[in-house]
Structure formats: C-alpha cells, structure tokens
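The values are calculated or read from the model by the stated rules, or taken from the named source; none is laboratory data. Because the structure is predicted, anything quoted here is derived from the model rather than measured. Every residue, glycine among them, receives a Cβ derived from its backbone with ideal geometry; neighbour counts consider all protein chains shown. Keep in mind that these areas ignore ligands, DNA and RNA; they rest on the heavy atoms of the full protein, side chains included. Shrake-Rupley method; radii C 1.70, N 1.55, O 1.52, S 1.80 Å.
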Amino acid sequence: MKTNRAHFPSISAITYAGPASDQALAFRHYNPDEIIDGRPMNAHLRFSIAYWHSFRGTGSDPFGPGTIVRPWEKGSDPVSVARTRMDAAFEFFQKIGAPFWCFHDRDIAPEGRTLAETNRNLDRLVAHAHDLQRATGVRLLWGTANLFAHPRYMNGAATNPDAQVFAHAAAQVKKALEITKELGGENYVFWGGREGYDTLLNTNLKREQDHLGGFLHLAVDYARSIGFKGQFLIEPKPKEPTKHQYDFDVASGIAFLRTYGLEKHFKFNIETNHATLAGHSFQHEIEVAAAAGLLGSIDANAGDPLLGWDTDQFNTDVRELTLAMVSILRAGGLGSGGFNFDAKLRRPSVDPEDLFHAHIGGMDAYALAFKIARRILADGKLEAFVRERYASYDTGFGRDIEAGRTSFRQLEKIALKLGEPAHRSGRQEYLENLIARYVHG
C-alpha cells in the first residue's frame, strides 16, 4: 500500500554507515541486520516510536503554545487530517527503520461529540492503521487509553470520586483494548496520569486505591474475555500532573499489585525520566522490577537534572544506558516489551529533519550501550566481583541463612565464636573506573 505523496521527500531511508562515518543522517552503532546470538540487532532492541510525541507533539510547554507546525496538519475535517498524519507517521517509521510504534487512543483519532462518535472515529483510523501495518511490516508494541487529558478526568479516571467518570473510563479502556487486540498489540499499558491527589483534604485515599485495583481487575477480565493475550504493563510516575500518583515508583507499584492480587497479570513499563522524578536512577528501577520478576518494557527518554519536570528528552548518555542494559540483559531481556522512544523534540527544533536526528541519536546510544553491556557481561569481571562479595552466603552458615535453616540462637553462638567481622572494601571507585574503561575504551 502506498500513500498519495511523500511527507519527508528530501530524506531517504536511514541506513547503517559504521562508527567512522560522519554522515548526519545515518546510524553509526545501530545495525539492525547485525546477527547477535542468532538474532538480528533489531530483534534484541525492538525500538518503537511514540506517536503522541513524534506526531502529536507541537513543542508547547507550560509557558507557551506550540512552535512545531507540520504540513500534514492542514484541513478542516479532523478525521481526514488524522488519516494524513498517520500516513506521515508510517513513512517516518519505515525511513527510520523502527519495527514498532505505540499510541494512546486519542493520539490516532479525534474525540467526537459523544462516546459513540469517538468510537466511530477510532474504527475508521484503526482500519487505516491496520492497512498501513500490513503494507509496511511495522507492528504495534502497545496501546493505551488517554485517561488524563480531557477535563472529565481532572480528578482522575479510575480514582475519580464520581462513579460516572469511572464508568466512562471503563468504556474508553474497553474500546482501547479492542483496538489494541485488532492491531496485534503485544502489550497494553496503564499510565495513571491523574490517578493520585493534589490534596489529602478532599481525598479518601484508601477508597481511591480500592477503586483503581478493581478497575485493573475489570480490565484484565475483559481483555481475557475477548482473547487478548498481550502483557499488561504499569508505568510508574511519582508526580506531575498530580502532586502524588499512586504508582509512585516500581517499589510502590509492586506493593500495590500484590495488595490487590494483580501481580500475576502485570509487569512494569519503566521510563527513565519518571525514575529521575522519583529520586531514583534508571538502573535502580530496572533492578527493582527485575528482582520481582516484573520487568516488562522501557520508555526510552531522559530528564534534565537541572529541571524538576518531565522534559522527555532523547537519551544519549551512553554510560547511563550501559548500566541499564547490563541490568536488562542480566534479567534475561524484556520479553514482549521493547524500547519505546517516549521522547520529544525540543521547542526550537521545528524542522522535520530534527525528528530523524533525534531518533538516530537515541537508537545509536542504545545500540552502543547494548554492545558495551554485552562486553561487560562476557568479560565477567563485574559479575565475578559481585559474586565474591556475597560468597559467604554460598557455604556453611551463610547458605543456611538463605535456606531458612537457622535461628537467632544458632547465629548468636556463631557470632560469639567468630568475634568481630572483618571490614571488607566495597571498592566502588575501582568498579566505576572499570565501567569507564568499557564505556570510553
């Protein structure tokens, strides 16, 4: 299937040119066809484009309206404009070489005057997306519902004090699950953008959390009833737009899932910038999810350490990404998840070409980090150090501690017999230098 015209006529498909290349519109580290452990690199990294930032983002911020105006946004019929926008998006997906895309329901189709009209708009655009997927081979990594932008959700969706809003949110997620299944989505994400509170003065916290847990159970039940077999994901974020969101970080998300008996159904979609806002490192959030067996997918972006809001920048920090990739590879990868570029152009980056430069930088940085992380794990120095640091738990009374075969009385006897433990260095500086040698060569 071909669209009527090219929307990026001056830009050809982005290809791999190698580390020595000085071509601006080419990959230096990401070679999608390079075979690694019997699979091409694009199967390991599973890059995805975020429709909302790349094709709905306008460059607006809290202090001013949009600066980015695309030629495909012209027209009086919102559905026709949405169709042309989608043509432009899939042209970009092909030219950048991304195997996946992600969307919110309201990203791809305009909201109508009624829920029924909105659903009809969605059906028309989903049919077009289905044709474009089939023609291009681009697949849907995950879908989700926008339960935060419309004024009806100003007090939350599942956690709203008005039961009618809860019902509307349920109807919206029902439809979003249906279209995600129709488009072959491998995952479905819940991001609780307004599932929290601005003040406890008007909030029944327990009741709201109970409602959210019940809502997620209803979603799981309906998804299974229609045969959707994809992975459910929760995307933690501590604040913004609400002062406090109930899925603050991975650790609180795990507690929430276990409290409401949802841990068998959900994993985590971890966003770098959200980790920063929660006061954590990206690697920390990955490790916490992996330790619980709940690592699902990644929203690949970064925040500015000097700014306190969700700036959603493209991440080119190879050291940060290397540490993240070490943890991801050590955990066995992301399964049906991937690396979704939930990142947006800067406000002054108004040229269509900037969209390509941004994704090339992000894809190259992740590819380089992936290669470095593989070297770190293959060389085994870091892993050997960590194993040795915990070696006392591999034999004797240490092994009994981990196996639950001891008691305080027995351990007291051992402590009295052995005396004061020796001080052993954690050698943090050595390990940081070791990582620097891998990253910088």
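So how many residues does the range 301-353 have that are in a loop (DSSP other than H, G, I, E, B), among the aromatic types (Phe, Trp, Tyr) and at pLDDT 95 or above?
The qualifying residues number 1.
In this structure, is Phe385 part of a helix (DSSP H, G or I), under 20 Å from Asn42 (Cα atoms) and open to solvent by less than 90 Å² (accessible area, probe 1.4 Å)?
For Phe385, the condition - part of a helix (DSSP H, G or I), under 20 Å from Asn42 (Cα atoms) and open to solvent by less than 90 Å² (accessible area, probe 1.4 Å) - is not met.
Restricting to the range 6-25, what's the tally of residues that are open to solvent by less than 90 Å² (accessible area, probe 1.4 Å), among the polar types (S, T, N, Q) and out of contact with any helix residue (DSSP H, G or I) (no Cβ under 8 Å at 6 or more places or on another chain)?
Number of matching residues: 2.
Need the failing condition index for Phe370 against (1) free of Cβ contacts under 8 Å to residues at least 60 places away in the same chain; (2) among the aromatic types (Phe, Trp, Tyr); (3) touching a helix residue (DSSP H, G or I) at 6+ places or on another chain (Cβ under 6 Å); (4) open to solvent by less than 50 Å² (accessible area, probe 1.4 Å), just the number.
If we test Phe370 against (1) free of Cβ contacts under 8 Å to residues at least 60 places away in the same chain; (2) among the aromatic types (Phe, Trp, Tyr); (3) touching a helix residue (DSSP H, G or I) at 6+ places or on another chain (Cβ under 6 Å); (4) open to solvent by less than 50 Å² (accessible area, probe 1.4 Å), just (1) comes out false.
So which residues in the range 184-204 are out of contact with any Phe, Trp or Tyr (no Cβ under 6 Å at 6 or more places or on another chain) and farther than 26 Å from Val126 by Cα, if there are any at all?
Matches in the range 184-204: Tyr197, Asp198, Thr199, Leu200, Leu201, Asn202, Asn204.
Collect the residues in the range 251-278 that are more than 22 Å from Met325 (Cβ to Cβ) and outside any helix (DSSP H, G or I), keeping them in residue-number order.
Correct list: Tyr260, Gly261, Leu262, Glu263, Lys264, His265, Phe266.
Can you name every residue in the range 400-441 that is part of a loop (DSSP other than H, G, I, E, B), open to solvent by 50 Å² or more (accessible area, probe 1.4 Å), small (Gly, Ala, Ser) and more than 30 Å from Arg319 (Cα to Cα)?
Gly404, Ala422
Just to be sure, is Ala26 more than 28 Å from Ala378 (Cα to Cα), in contact (Cβ under 8 Å) with a residue 40 or more places away in the chain and more than 28 Å from the chain's Cα centre (by Cα)?
When the stated conditions are applied, Ala26 does not pass them.
Residues in the range 290-302: is at least one hydrophobic (A, V, I, L, M, F, W, C), farther than 23 Å from Ser48 by Cβ and open to solvent by less than 10 Å² (accessible area, probe 1.4 Å)?
no
Go through (1) closer than 23 Å to Asp249 by Cβ; (2) open to solvent by less than 60 Å² (accessible area, probe 1.4 Å); (3) without any contact (Cβ under 8 Å) to a residue 60 or more places away in the chain one by one and return the number of the condition Ala129 breaks.
(1)
Please count how many residues of the range 311-327 are of a type in the set (D, E, K, R) and crowded, with 20+ Cβ neighbours inside 10 Å.
1
Looking at His128, is it in a helix (DSSP H, G or I) and farther than 20 Å from Gly193 by Cβ?
Yes: the conditions hold for His128.
So which residues in the range 265-277 are closer than 22 Å to Ala50 by Cα, touching a residue at least 40 places away in the same chain (Cβ under 8 Å) and open to solvent by 10 Å² or more (accessible area, probe 1.4 Å), if there are any at all?
Those that are closer than 22 Å to Ala50 by Cα, touching a residue at least 40 places away in the same chain (Cβ under 8 Å) and open to solvent by 10 Å² or more (accessible area, probe 1.4 Å): Lys267, Leu277.
Would you please list the contacts, defined by Cβ atoms under 6 Å and residues six or more apart or on different chains, that run from a residue in the range 336-357 that is farther than 20 Å from Phe8 by Cβ to a residue that is surrounded by fewer than 17 Cβ atoms within 10 Å (Cβ to Cβ) and among the polar types (S, T, N, Q)?
As it stands, the answer is Arg347/Thr67, since those pairs meet every condition given.
Looking at (1) of a type in the set (Phe, Trp, Tyr); (2) within 30 Å of Arg346 (Cβ to Cβ); (3) in contact with a helix residue (DSSP H, G or I) (Cβ under 8 Å, 6 or more places away or on another chain); (4) not in a strand (DSSP E or B), which one does Phe248 not meet, given that it meets all the others?
(3)
I'm checking my understanding of the structure. Among residues of the range 26-43 that are part of a loop (DSSP other than H, G, I, E, B) and open to solvent by 60 Å² or more (accessible area, probe 1.4 Å), which one is nearest to Val326 (Cα to Cα)?
Filtering first and then ranking leaves Asp37.
With at pLDDT 95 or above, in contact with an Asp or Glu (Cβ under 7 Å, 6 or more places away or on another chain) and assigned to a helix (DSSP H, G or I) as the only criterion, which of Ala176, Ala158, Ala170 stands out?
Ala176
Between residues in the range 65-92 that are acidic (Asp, Glu) and residues that are exposed (fewer than 15 other Cβ atoms within 10 Å of the Cβ), which pairs lie under 7 Å by C-beta distance while being six or more apart or on different chains?
Partner pairs satisfying both residue conditions: Glu91/Ala6.
How many of the residues in the range 44-88 are surrounded by fewer than 13 Cβ atoms within 10 Å (Cβ to Cβ), of a type in the set (S, T, N, Q) and not in a loop (DSSP other than H, G, I, E, B)?
Within the range 44-88, residues that are surrounded by fewer than 13 Cβ atoms within 10 Å (Cβ to Cβ), of a type in the set (S, T, N, Q) and not in a loop (DSSP other than H, G, I, E, B) number 1.
When only residues in the range 218-250 that are touching a residue at least 40 places away in the same chain (Cβ under 8 Å) and basic (Lys, Arg) count, which is nearest to Leu294 (Cα to Cα)?
Among those residues, the one meeting the criterion is Lys237.
Out of the residues in the range 181-198 meeting the condition of being of a type outside the set (A, V, I, L, M, F, W, C) and within 18 Å of Phe148 (Cβ to Cβ), tell me which one is most open to solvent (accessible area, probe 1.4 Å).
Asp198
Do you know which residues across the range 216-249 are hydrophobic (A, V, I, L, M, F, W, C), closer than 19 Å to Phe166 by Cβ and either surrounded by fewer than 20 Cβ atoms within 10 Å (Cβ to Cβ) or modelled with pLDDT under 95 (or both)?
Leu218, Val220 - these are the residues of the range 216-249 that are hydrophobic (A, V, I, L, M, F, W, C), closer than 19 Å to Phe166 by Cβ and either surrounded by fewer than 20 Cβ atoms within 10 Å (Cβ to Cβ) or modelled with pLDDT under 95 (or both).
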